[in-house]
Amino acid sequence: MKPYDMPEIQLGDFIHYYAHEDAAPNIAIVTEVSSRSLKCWVIVPDYGGVEKFSVHHKDDVGLQEFPEWGRYGMWDFKPADPTIAILSEKLAVLEKKMAEIVGKKTK
């Protein structure tokens, strides 16, 4: 049987943290990455935050093999904010136009 490979995640990435299977997600920041789990700082409204250790991805097969892992919660990717993509596209257009303007002035 092939070993489980956790999805690639980076230190500082924002994720969704679930306290249990049916819980609503909280936003969290990845503070440490290991081969199969991560540590994160969960942002809790009206409280601040809580550090969570040994958090496995929601699709980790180990959560079925070892149900006690679930008591640490689960994580999943936070969907990308479409606003960032739109702003990135607008910035690229502005940079292109600025390069054209600067090019015309130097001729």
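The values are calculated or read from the model by the stated rules, or taken from the named source; none is laboratory data. Just so you know, these numbers come straight off a predicted model, no measurement behind them. No Cβ is skipped: glycine too gets one built from the backbone with ideal geometry, and neighbour counts run over all protein chains shown.
Scanning segment 71-83 for residues that are buried (at least 16 other Cβ atoms within 10 Å of the Cβ) and in a strand (DSSP E or B) yields MET74, TRP75.
What single numbered condition from (1) in contact with a helix residue (DSSP H, G or I) (Cβ under 9 Å, 6 or more places away or on another chain); (2) without any contact (Cβ under 8 Å) to a residue 40 or more places away in the chain; (3) not hydrophobic (A, V, I, L, M, F, W, C) fails to hold for GLN10? Among (1) in contact with a helix residue (DSSP H, G or I) (Cβ under 9 Å, 6 or more places away or on another chain); (2) without any contact (Cβ under 8 Å) to a residue 40 or more places away in the chain; (3) not hydrophobic (A, V, I, L, M, F, W, C), GLN10 violates only (1).
Cβ-Cβ contacts under 6 Å between residues 6 or more apart (or on different chains), taken from a first residue in segment 52-80 that is at pLDDT below 95 to a second residue that is β-branched (Val, Ile, Thr), are listed as LYS78/ILE15.
Let's see how each residue does on (1) out of contact with any strand residue (DSSP E or B) (no Cβ under 9 Å at 6 or more places or on another chain); (2) among the acidic types (Asp, Glu); (3) at pLDDT 95 or above:
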| site | (1), (2), (3) |
| --- | --- |
| MET1 | yes, no, no |
| TYR4 | no, no, no |
| TYR17 | no, no, yes |
| ILE27 | no, no, no |
| ASP46 | yes, yes, no |
| ILE86 | yes, no, no |
| LEU94 | yes, no, no |
| LYS97 | yes, no, no |
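Is it true that some residue in segment 84-107 is outside any loop (DSSP other than H, G, I, E, B), touching a residue at least 12 places away in the same chain (Cβ under 8 Å) and out of contact with any Phe, Trp or Tyr (no Cβ under 6 Å at 6 or more places or on another chain)? No, there is no match, as no residue in segment 84-107 is outside any loop (DSSP other than H, G, I, E, B), touching a residue at least 12 places away in the same chain (Cβ under 8 Å) and out of contact with any Phe, Trp or Tyr (no Cβ under 6 Å at 6 or more places or on another chain).
Can we say ILE43 is surrounded by 16 or more Cβ atoms within 10 Å (Cβ to Cβ) and either β-branched (Val, Ile, Thr) or at positive phi (or both)? Answer is no for this residue. Tell me yes or no: at least one residue of segment 15-25 is of a type in the set (A, V, I, L, M, F, W, C), in contact (Cβ under 8 Å) with a residue 40 or more places away in the chain and touching a Cys at 6+ places or on another chain (Cβ under 7 Å). Yes, because at least one residue in segment 15-25 is of a type in the set (A, V, I, L, M, F, W, C), in contact (Cβ under 8 Å) with a residue 40 or more places away in the chain and touching a Cys at 6+ places or on another chain (Cβ under 7 Å). Would you check if PRO3 is free of Cβ contacts under 8 Å to residues at least 24 places away in the same chain, part of a loop (DSSP other than H, G, I, E, B) and under 17 Å from TRP69 (Cβ atoms)? Against the criterion (free of Cβ contacts under 8 Å to residues at least 24 places away in the same chain, part of a loop (DSSP other than H, G, I, E, B) and under 17 Å from TRP69 (Cβ atoms)), PRO3 qualifies.
Scanning segment 1-18 for residues that are surrounded by 10 or more Cβ atoms within 10 Å (Cβ to Cβ), within 15 Å of LYS39 (Cβ to Cβ) and not acidic (Asp, Glu) returns MET6, ILE9, LEU11, PHE14, ILE15, TYR17. Annotation: of all residues in segment 30-44 being of a type in the set (Val, Ile, Thr) and at pLDDT 95 or above, the one that is nearest to the chain's Cα centre (by Cα) is VAL30. Here segment 49-70 is the region considered, the condition is being crowded, with 18+ Cβ neighbours inside 10 Å and outside any helix (DSSP H, G or I), and the residue that is farthest from the chain's Cα centre (by Cα) is ASP60.
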